[in-house]
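The values are calculated or read from the model by the stated rules, or taken from the named source; none is laboratory data. It should be emphasised that the depicted structure is a prediction, and the values quoted were computed from it without experimental measurement. Quick reminder, even Gly has a Cβ in these numbers, built from the backbone with ideal geometry, and neighbours come from all protein chains shown. With ligands, DNA and RNA removed, areas are computed over all heavy atoms of the protein, side chains included. Shrake-Rupley method; radii C 1.70, N 1.55, O 1.52, S 1.80 Å.
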Amino acid sequence: IEIYSLYVDCKVTSRFAHTVITSRIINRANESQEATFEVELPKTAFITNFSMSIDGEVYPGIIKEKAAAQSEYDTAVSQGQSAGLVKITDRKLERFHVSVSIAAASKVTFELTYEELLKRQLGKYELLIKVQPKQLVKHFQIDVHIFEPQGIHFLETDSTFMTNELTEALTKVQNETKAHILFKPTLDQQKKNSGLDETLLSGDFVVRYDVKREATAGDIQIVNGYFVHYFAPQEMPAFPKNVIFVIDRSGSMTGRKIEQTRDALLKILQDLRPEDHFSFITFNNRVVEWKSSLLPATEENVASAAALVQTLTARGGTHISGALLTAVGVLDRAEELPQRSVSMIILLTDGQPTSGERNVEVIQENVQKAINGKYALFCLGFGFDVSYKFLEKMALSNGGIARRIYEHADAALQLQGFYQEVATPILMQIEMQYPENSIEGLTKNNFKLFFEGSEIIVSGKISNELDLLPVEIKAQSHTSNLTLKEEANVKEKEQVFQNQKYIFGNFMERLWAYLNIQQLLEEVISAQEEDQKALEAQALDLSLRYSFVTPLTSMVVTKPQQQEELANKPTEAG
């Protein structure tokens, strides 16, 4: 089985990435063999299309509602025969895998398309392409086109497998608003060494960039009546933080996990600003407060906290409920905190609640009642023994986010990386306002916190003939209450995209649908049971209308001999 051509074609327009992977395979044997197509794609992406063509006959993947696809599939296949086509493989990726039997001397072409809105983290967007052909490929290329009307501020490529020879196969061309990256290694350049047919191409190929930001009220882009508004203010003073670290030191954290937690906390302590206040709560079946109140992050207090962190050991049960309610109590009692400041609780745990209150629904309810919208709760789940669903619901219900920390050598870096994302809050209570009677299908437009290095994105549909789209942003900064205003000239904005040769069709409308689905799925997690159905129905409708494989849809892949397989979207919560 020989892959004679593998093309990765990626167009990024205004942060929205559209990637098509095409693999052409020939069976050089004189008997039929299995041909396999395996792609790792970002978890944040949605597959939108898949097809295979065998000797000119095309077998398309059809996207249907998950339940309908499953029942159809169950009738076609006796239970348990196939394990599904998509699985989570690592913290950023999931794997799409399909194989088909092809006759001697036959050819098959596999084509997979997926889309995602690139998310700004720590000041940059990251486009991740996983490269793993597992053999030398005669025609191999990665072709990336980026168009950012705001202008490209910086651009870099990075790869885990580059050698000096392979660097010669990489070209980058960029001007003010566009970039083209082409990676096209010859057979010789792909080889590990000239005598063997082993390939060097195995790992990540990453493009990172950021855009220029001039306008104070963000940047508005409009295509075919759909708009997107990007807002990422810069150079603003940070709010002082009042942060309580709630750290699990139950028996299951023993060994490497508690060591990595110690390493990460020591680094994080160094990153606290003098105007921040902080404290620690550690818990197993007992909840222990380091101090009864929050302390300013002076050199002395940080050193004393570091000494405590050094002594952290793990044993006993997991009293999550008691630890979180104690943390809320400390913040509630806190006096002398800076007037304008942001209070947050960061929970790190690796297990289920085993001490105190064990019913996760009761814990969620009690924590939400206690926090009552005053503080943000961030939940980090270490490894795979946590109930991620529980942590995610708790975080999203209390203005924070959840993140899984993978048990790898770099777990301490993952923890630090997370902290850096939330270390610099620069705006609070952000409201993005648009003319009510002229906009339909507006995505989320009010946000509790904005952290430096991230980006707020709002999208919607302009419903009537507007010449000017006025926007108003209200927010609180550390020093004042802000009101920012901007007017976008609709015709001028539409013009920007008119003559770009590599804009893919209705990309702005698809960006709007993608953002809408992601937000609806997130809302479902923290919504009351009676509201969940309506939110899911909306997300399902959009997923089907725009053909996205989301957790609510499935792609039915039919093979020769009427065999059917399902591609489902896995979620972190399983």
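Applying 0.36 nm per residue to the separation of K134 and Q352 and subtracting their alpha-carbon distance, the gain on full extension is 74.5 nm. Among the listed pairs K87/K191; K119/K393; K178/K212, those with a Cα-Cα distance over 24 Å are K87/K191. Annotation: per residue accessible area for the chain equals 44 Å², rounded to a whole number [probe 1.4 Å, protein chains only]. The convex hull defined by the C-alpha atoms of the stretch 93-191 has an orientation-averaged projected area of 8.6 nm².
In order along the stretch 236-246, the Karplus-derived 3J(HN,Hα) couplings, from 6.51 cos²θ - 1.76 cosθ + 1.60 at θ = phi - 60°, round to 10, x, 7, 6, x, 10, 10, 10, 10, 8, 10 Hz, and Gly and Pro are given as x.
From the largest down, the chain spans 77, 61, 53 angstrom on the principal axes of its Cα atoms. Less than 5 angstrom separates the built amide H of V243 from those of H277, F278, S279, M344, all sequence-distant by 5 or more or on a different chain. Across the stretch 348-357, computed HN-Hα scalar couplings (Karplus, 6.51 cos²θ - 1.76 cosθ + 1.60, θ = phi - 60°) run 10, 9, 10, x, 8, x, 10, 10, x, 5 Hz from first to last residue, x flagging Gly and Pro. The apolar share of the surface of the stretch 241-423, taken as the fraction of accessible area on carbon and sulfur atoms (1.4 Å probe, ligands and nucleic acids excluded), comes to 46 percent. How much of the accessible area of the stretch 57-190, probe 1.4 Å, is carbon plus sulfur, in whole percent? That share works out to 48 percent.
Remark: the chain carries a charge dipole of roughly 680 debye about the Cα centre, counting +1 on each Lys and Arg Cβ and -1 on each Asp and Glu Cβ.
Karplus-derived 3J(HN,Hα) values for the stretch 388-399, using 6.51 cos²θ - 1.76 cosθ + 1.60 with θ = phi - 60°, are 4, 4, 5, 5, 5, 5, 5, 5, 5, 6, 10, x Hz; glycine and proline are entered as x. Close amide-amide hydrogen proximity is noted between H153 and D210, V211, K212, each under 5 Å apart and 5 or more residues distant or on a separate chain (H modeled in the peptide plane; Pro and chain starts excluded). Mind scanning K66/K474; K172/K448; K43/K192; K267/K569; K66/K369 and naming the pairs with a C-alpha gap bigger than 32 Å? Correct reply: K66/K474; K172/K448; K267/K569; K66/K369. Less than 5 angstrom separates the built amide H of S5 from those of R24, H139, all sequence-distant by 5 or more or on a different chain. So what's the net charge close to K138: Lys and Arg +1, Asp and Glu -1, counting the other residues with Cβ under 14 Å from its Cβ? Net charge in that neighbourhood comes out at +2. For A179, neighbours were defined as the other residues whose beta-carbon sits under 9 Å from its Cβ, and their charges (Lys and Arg +1, Asp and Glu -1) total +1.
Mean silhouette area of the stretch 241-423, derived from the convex hull of its C-alpha atoms and averaged over all directions, reads 8.9 nm².
Each of E176 and Q495 was given a label point 7 Å from its Cα along the Cα-to-Cβ line. The distance between the two points is 1.3 nm. An oblate overall shape is assigned to the stretch 269-362, the ratio a/c of its alpha-carbon gyration tensor axes (a ≥ b ≥ c) being 1.5 or greater and a/b not exceeding b/c. Taking Lys and Arg as +1 and Asp and Glu as -1, the other residues whose beta-carbon sits under 10 Å from that of A573 total +1.
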